[in-house]
Amino acid sequence: MIRAVIVMNTQGKPRLLKFYEFQPPEKQQELTRSVFAVLSGRPDNVSNFVEADAIFGPGTRLVYKHLATLYFVFVFDSCENELAMLDLIQVLVETLDRCFKNVCELDIVFNFNKMHTILDEIIFGGQVLETSSERVLKAVEEISRLEKSSSSVSFVPKSVSGRFGR
Amino acid sequence: MNPFSSGTRLRDMIRAIRACKTAAEERAVVRKECAAIRSAISENDQDYRHRNIAKLMFIHMLGYPTHFGQMECLKLIASAGFPEKRIGYLGLMLLLDERQEVLMLVTNSLKQDLNHTNQYIVGLALCALGNICSAEMASDLAPEVERLLLTRDPNIKKKAALCSIRIIRKVPDLAENFLSPAASLLKEKHHGVLIAGIQLCTDLCKVSADANKHLRKNCTEGLIRILKDVSNSSYAPEYDIGGITDPFLHIRVLRLMRMLGQGDADTSEYMNDILAQIASKTESNKNAGNAILYECVETIMGIEATSGLRVLAINILGRFLSNRDNNIRYVALNMLMKAIAVDSQAVQRHRTTILECVKDSDASIRKRALELVFLLVNDTNAKPLTKELIDYLEVSDQDFKGDLTAKICSIIEKFSQEKKWYIDQMLKVLSLAGSYVKDDVWHALIVAISNAPDLQGYSVRSLYKAFQTSFEQVSLVRVVVWCIGEYGEMLVGNVGVLEVEEPMTVTESDTVDVLEACLTGHSSDITTRSMSLIALLKLSSRFPPTSERIKEIITVHKGSIVLELQQRAIEFNSIIQRHDNIKSSLVERMPVLDESAYMVKKANSSQENIVAVKSGQTSLAGTSIMLPNGVGKPPAAPLVDLLDLSSDDTPVPTSTSKDFLHDLLGIDLTNSSSSGIAPSGGTDILMDLLSIGTPVQSDISPKTVSSNQGFAPTTKPTPTTVQVVDLLDVLPSNGSVAGDQSPLYPSITAFQSSTLKVMFSFKKHPEKPQVTEIHATFMNLSSDAYTDFVFQAAVPKFIQLHLDPASSNHLPANGNGTITQTLTATNSQHGQKSLAMRIRMVYEVNNQEKLEQGQINNFPPGL
């Protein structure tokens, strides 16, 4: 199963943390820092796979993709296919791209809970839920629409996601 | 409304945090926000609850405590509106700290929402349940999830399927309830539902053998059909990743097939065709295609596939190895590592390609490939592979050399069939990367040379040649120094020249030059320099013309600021000046080192032991002595150990320890095996040796003597007082005399391993000679603390033993503290038999129980 999804920028600031196995907040920060330490030390011309036994326990690996100013990191155990995980990062990035029209770090910073909504439609409790970015987008849009329509009654100024989505 | 609690908008807060220049500023902003949120919570502010939780999620991501928001999440979940519920569930998943009471409170809301009419709300509840479900919740809510598996909406269905995975992981007993709905999911057409259903089936197989059997019987055919459909179906853009139709579905099906086919020949055979089709038809120019191939290979390796199919699979991996994409090469190496166990012949065929990967530009690929090559080495290919690797060693990266050297050395050691080849290869490695070679490797080389009389001349000459070009390689230098010390005359006299050798002339003063360079060179460490001193001493007797010069060199070091060197220089100087009559016998060539015993020792001593030897070398205070075979031993044991070494048929006579000692010292004592004159002679010589140079004697505390003796306890007379007494203990009369004269007994190291050291000190009451009070001190030499430490001891029947309680059962790491325990031994045959004891230490380290035991034979005499 997938153990964690971490999105952080190239300075090591977390932009999205999602752990599918419970980790206390301090531990989450520590893990993020260790992952960053590993990734920042890797040159560009090497593989995208890292053995993560030392950080996440035996048998774990991580796949990362370095795009613009962001690292997308999936941590998973031996039950997942590394190459498929790489594709799954691609699915996530593609979906974000379609959702935010050329996604950049700022979009993710200010819409982090929309990020969570998207992620929840792709990965569910550590398992792959959906791999078609089209369908993910449809589900996310449906959720936003629902939020807007119900919040228009009483929560117009306060709705968080209503304000986002550019 | 409190103006503070309304706070700022989420967007403004994020902006404010981003504007912070320092961590302190950021903390201040967060503290202010948290204070506002807390006061809003205490005022039960409903309007902004939703926004506050959103803020808290952001704050949580930055690593600040947000536990106070948990109850707010529950309130949001309980409210009616969709946006509130959504943020509430999101917050629940992120902020929750697994506290049971919170989970219990949320169970009811979840139950309601799972039964909600709005499918999106059901979706939210399922998602939360799938992420945070505990065993209790799983039992409570399983019926709801089970029911949702049968709804018509595919979005709910797939989420329910994945949620079921979490439930059966938490409560495996529930697996059978999910079996038939899961099996029926495999008949679905909707892609997402199908993937989720297959994952659920895979997990069911994992937790229950019955489920595996059931699915194998009923679903194998269906799975094969799915795979056929998806791989034959025409272009479906919706699930296309890089031009390949739905790779994830492929992968999940293949994975489930692996679970079902494992260990079942019939099912495996049934799958053969489709697997062959996928393995041969899938396009491999895209990552997604390779992902499918990779999974397919793993399935072929996992099930009872035909050998033809396995070869096909391994060939796919072989193709992967020459792929330009680093990732593909990396996974191929990983898989080949597993494939070796299944079909090593097929993997061997790709040896050349794998060897190329050792030279890859990507460090992680190099490391993998090297491990794989190591697994591939066998008797037939060892020579060419070693050559390739050594050639590469010359040009490899600095940080890769350590790994590479270690692997090459162990290949050479493991697969050498002839001594000359072994020595040649080791020499190459030492001259290319001698600084990376572990101590045990060059120790083994010395043992091997010592055991090859016809190659000693050749070795020392080759070493001399290698030294001329590679004098900066530490291990090489040490081997050179040792061999010149032992076989210097073979170098000068060209003894035993092999046909392949080119003739060379080395003069006696050339060899002294080499040793002097090693002794004074800046790169030489203390071990090398100590060894050089000994080698010089040896040469001074072999090459009389150079003895004056050697004497001068040694004299210079009498003033060395390094105690060890100074002491040696002074001792050796005395030997040269005052004891010329025994010098030649004292510096005789070493007896042949026992190879088989060394190998056994080496095999027994784990990596830890090597570390221990290393630390013993580097720290002056370390107590381990370097024996000729390079294995660290407690100070009291070396002579006994040497006896062990030579106990199998070696030229060294081994009847008693004093014999052996005489032999080592090369002293020609007549009639040494019978008691009488011999022991006194031995004592005299020992005393004589120890008393050389009175000012030194005061310096020689047992500790400094025993510490860091470099490489030659035999050539250097360094037994501590303990050892002298110990040796003489062979004769009971002598022992009892010692006992009567001195009521003080020296402490001994009763037991020492790489991880544990036990010291015994003794006390006796003059009026009760039979009773000995033993004070045991335990010290942890490893870097992990020991807990639940228990010490046990057993004694022969004529001894009674009483153990007092230990001072503690916790032993801190790295010798930072000790446990002490007092033992009272009553020896009923005092004066006739000496104490003997077997000890056993049981303790836990890193939650693993460990046991160490040993026998103590080195009690001081007279106890």
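I'd like the FRET efficiency for B:Ser828 and B:His190, computed as 1/(1 + (r/R0)^6) with the beta carbon distance as r and R0 of 60 Å, rounded to 0.05.
Efficiency, rounded to the nearest 0.05: 0.10.
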Space enclosed by the convex hull of the alpha-carbon atoms of the range B:1-80, per residue, Å³: 85
Cα→Cβ-extended label distance, 7 Å offset, between B:Asn232 and B:Ser410, nm: 5.0
Potential lengthening between B:Arg225 and B:Asp391 on full extension [0.36 nm per residue; Cα-Cα distance subtracted]: 54.6 nm
Rg in Å to one decimal, and Dmax rounded to a whole Å, for the range B:65-138 via C-alpha atoms: 11.1, 36
Shielding by partners, peptide A:82-95 (average Cβ within 10 angstrom, other chains): 5
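If each residue of separation counts as 0.36 nm, what is the full-extension length gain between B:Gln853 and B:Val342 once their alpha-carbon separation is subtracted?
The B:Gln853-B:Val342 span can extend by a further 180.0 nm.
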Surrounding net charge for B:Arg310, when Lys and Arg each add one and Asp and Glu each subtract one, Cβ distance under 11 Å: -2
Calculated log₁₀ intensity ratio I(q)/I(0) where the Debye formula runs over C-alpha points of the range B:194-353, q = 0.17, 0.21 Å⁻¹: -1.00, -1.39
Pairwise centroid distance, computed over Cα atoms, of the range B:286-348 with the range B:499-543, Å: 53
Cross-link partners of B:Lys217 among aspartates and glutamates (Cα-Cα below 20 Å; sequence separation of 8 or more within a chain): B:Glu176, B:Glu188, B:Asp203, B:Asp264, B:Asp266, B:Glu269, B:Asp273, B:Glu304
Set of aspartates and glutamates near B:Lys768 by C-alpha distance (under 16 Å), chain-local residues within fewer than 8 positions excluded: B:Asp740
Coarse-grained scattering of the range A:1-117 at q = 0.23 Å⁻¹, given as base-10 log I(q)/I(0) from a Debye sum over alpha-carbon atoms: -1.55
Reciprocal mean inverse distance between Cα atoms of the range A:81-130 - Kirkwood radius, Å: 11.3
Loop-located trypsin sites (Lys or Arg not before Pro) in the range B:31-137, at most 13 other Cβ atoms within 10 Å (DSSP): B:Arg99
For B:81-89, mean number of other protein chain Cβ atoms within 10 Å: 6
Whichever aspartates and glutamates have a C-alpha closer than 15 Å to that of B:Lys420, once near sequence neighbours (fewer than 8 apart) are set aside: B:Asp454, B:Glu499, B:Glu501
Within 10 Å of each Cβ in B:155-162, the average number of Cβ atoms from other chains: 3
Estimated FRET transfer efficiency when R0 is 25 angstrom, pair B:Glu136-B:Lys213 (beta carbons, to 0.05): 0.25
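First select every other residue whose beta carbon is under 14 angstrom from the beta carbon of B:Thr520; then total the charges, Lys and Arg +1, Asp and Glu -1.
-2
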Over 26 Å between alpha carbons, listed pairs A:Lys65/B:Lys157; B:Lys21/B:Lys75; B:Lys159/B:Lys338; A:Lys18/B:Lys85: A:Lys65/B:Lys157; B:Lys21/B:Lys75; B:Lys159/B:Lys338
The range B:48-119 and the range B:356-385: distance between their alpha carbon centers, rounded to Å: 53
Inter-part distance where the range A:1-29 and the range B:766-786 are each reduced to a Cα centre, Å: 50
Added length on full extension, which subtracts the Cα-Cα distance from 0.36 nm per residue, B:Lys558 to B:Asp580: 6.1 nm
Chain A: calculated mean residue ellipticity at 222 nm from DSSP helix runs of at least 4, using -39500 (n - 2.57): -15000 deg cm²/dmol
Calculated FRET value between B:Arg11 and B:Asp784, using beta carbons and R₀ = 51 Å, to 0.05: 0.55
Label-point separation in nm, B:Asn846 to B:Arg31, each point 7 Å along Cα→Cβ: 4.1
Residues of the range B:466-492 with amide N under 12 Å of the 7 Å Cα→Cβ point at B:Thr505: none
Whole-number Å³ per residue for the convex hull built on Cα positions in the range B:81-232: 107
For the range A:45-85, Kirkwood radius (reciprocal of mean inverse C-alpha pair distance, Å): 10.7
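Read-outs: derived from the displayed coordinates by stated rules, not from any lab. Computed from a prediction, not measured in an experiment: that's the story for all the values here. All Cβ positions, glycine included, derive from the backbone under ideal geometry; neighbour counts span all protein chains shown.
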